[in-house]
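Visitor: Got a structure for you, questions after.
The values are calculated or read from the model by the stated rules, or taken from the named source; none is laboratory data. Computed from a predicted model, the values in this text were never measured in an experiment. As a convention, Cβ positions derive from the backbone with ideal geometry for all residues, glycine included, and neighbour counts pool all protein chains shown. Ligands, DNA and RNA are stripped out before the accessible areas are found, and what is left, the full protein with its side chains, is counted by its heavy atoms. Shrake-Rupley method; radii C 1.70, N 1.55, O 1.52, S 1.80 Å.
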Amino acid sequence: MELQTAARYRLLDELRGLDLISMMLYHGMWDVVFLFGVAQKWYTGRPGFVWQQSICWVFILLSGFCLPLGHHPFRRGAVVFGAGALVTAVTLLFLPEDVVWFGVLTLLGSSMLLTAALDPLLRRVPPAVGVAVSALLFWTYPTMNGFWNLPGGRLALPQALYASYTTAYLGFMPKSFFSTDYFPLLPWLFLFWAGYFLHHLVGRRRLAPLRRSVCPPLGWMGRHSLVLYLLHQPVILGVLTVAFRLVRAG
């Protein structure tokens, strides 16, 4: 599931670790704003949105880029998808008001499994074409917003498509659907594929500079990103709960 340490592209691990820290800070601020009631207009406005999107884009692109480096994409995809199901189950049981349906782990696991299954076909696509088309489709199909961007303008999608939780998994979410972390296949699969094709466009021979290390602790975090992702929110929530109780008691 992982490359041997001596053969790893350490800078990729470290970039993942840096993005993980950014995500932890973002989720910590989410707890402060929405669970502890400390209003922050910048966080709920454009700056917070840009911060959140930067984390997601890097994480998804990097996951697609790194998929060809692994030896067991089906197993990796199944593990990540299972972790996403675990997050859904835990939030449904203990935080039903903040439940996570089809979050980023479900997306990544699904994308890994689909890409592994379609790999023989995807490899026939010229990488430059794959990057360009994937980026275009990612921009074209913001399905969860109710329209597609077409050359002649926006095409409103039939509301009949937005029928159930099954369609929400694809991107057609009904009005009654709610999730605190929602990444449907459309359009995010295309961003994952942009990373996948970018890997093949760059080529394995050009990746040698990425073997060097700049910050080993970040690399350690990147190598253990799945475990840290699953553990970070309970830990942050526990620390913040104690901190706010101490502040209010004082």
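Visitor: Can you pull the one-decimal nm distance between simple spin-label points at V247 and L231, each 7 Å off the Cα toward Cβ?
Guide: Using points 7 Å along Cα→Cβ, the separation is 2.6 nm.
Visitor: For the chain, give the percent of accessible area contributed by carbon and sulfur heavy atoms, probe 1.4 Å, rounded to a whole number. List each step's numbers first, then the result.
Guide: Details: 9580 of 13620 Å².
Within the chain, the accessible surface is 70 percent carbon and sulfur.
Visitor: Viscosity 0.692 mPa s, temperature 37 °C: what is the translational diffusion coefficient of the chain from Stokes-Einstein with a Kirkwood Rh over Cα pairs, rounded to a whole number of µm²/s?
Guide: 168 µm²/s
Visitor: Any idea of E97's accessible area? Nearest 10 Å², probe 1.4 Å.
Guide: Answer for E97: close to 110 Å² accessible.
Visitor: When the Cα centres of region 33-48 and region 136-190 are compared, how far apart do they sit, in Å?
Guide: Spelled out, the Cα-based centre of one part sits 26 Å from the other.
Visitor: In nm, give the distance between the simple-model label positions of L92 and V125, each being 7 Å from the Cα along the Cα-to-Cβ direction.
Guide: 3.2 nm
Visitor: Still on this structure: At 1.4 Å probe radius, can you tell me the per residue accessible area of region 25-160 in Å²?
Guide: On a per-residue basis, region 25-160 sits at 54 Å².
Visitor: I would also like to ask the following. Suppose the Debye formula is applied to equal point scatterers at every Cα of region 96-241; what is log10 I(q)/I(0) at q = 0.10, 0.14 Å⁻¹?
Guide: Here the Debye-derived log intensity ratios amount to -0.49, -0.90.
Visitor: At 25 °C and 0.890 mPa s, grab the translational diffusion coefficient of region 25-115 from Stokes-Einstein with a Kirkwood Rh over Cα pairs, rounded to a whole number in µm² per second.
Guide: 167 µm²/s
Visitor: From Cα pairs below 8 angstrom and at least 6 apart in sequence, can you work out the relative contact order of the chain, rounded to a whole percent?
Guide: Working: 325 pairs, mean separation 83.3, N = 250.
Result for the chain is 33 percent.
Visitor: Hey, what's the Cα Rg ratio for region 120-174 versus the globular rule of thumb, 2.2 N^0.38 Å?
Guide: Normalised Rg, Cα atoms only: 1.38.
Visitor: Please say if region 157-230 is rounded, prolate or oblate, where rounded means a/c under 1.5 for a ≥ b ≥ c the square roots of the C-alpha gyration tensor eigenvalues, and otherwise the choice is prolate for a/b larger than b/c and oblate otherwise? Let's see the in-between values first.
Guide: On the way: a/c = 5.49, a/b = 1.92, b/c = 2.87.
Judged from the Cα gyration tensor, region 157-230 comes out oblate (a/c at least 1.5, b/c at or above a/b).
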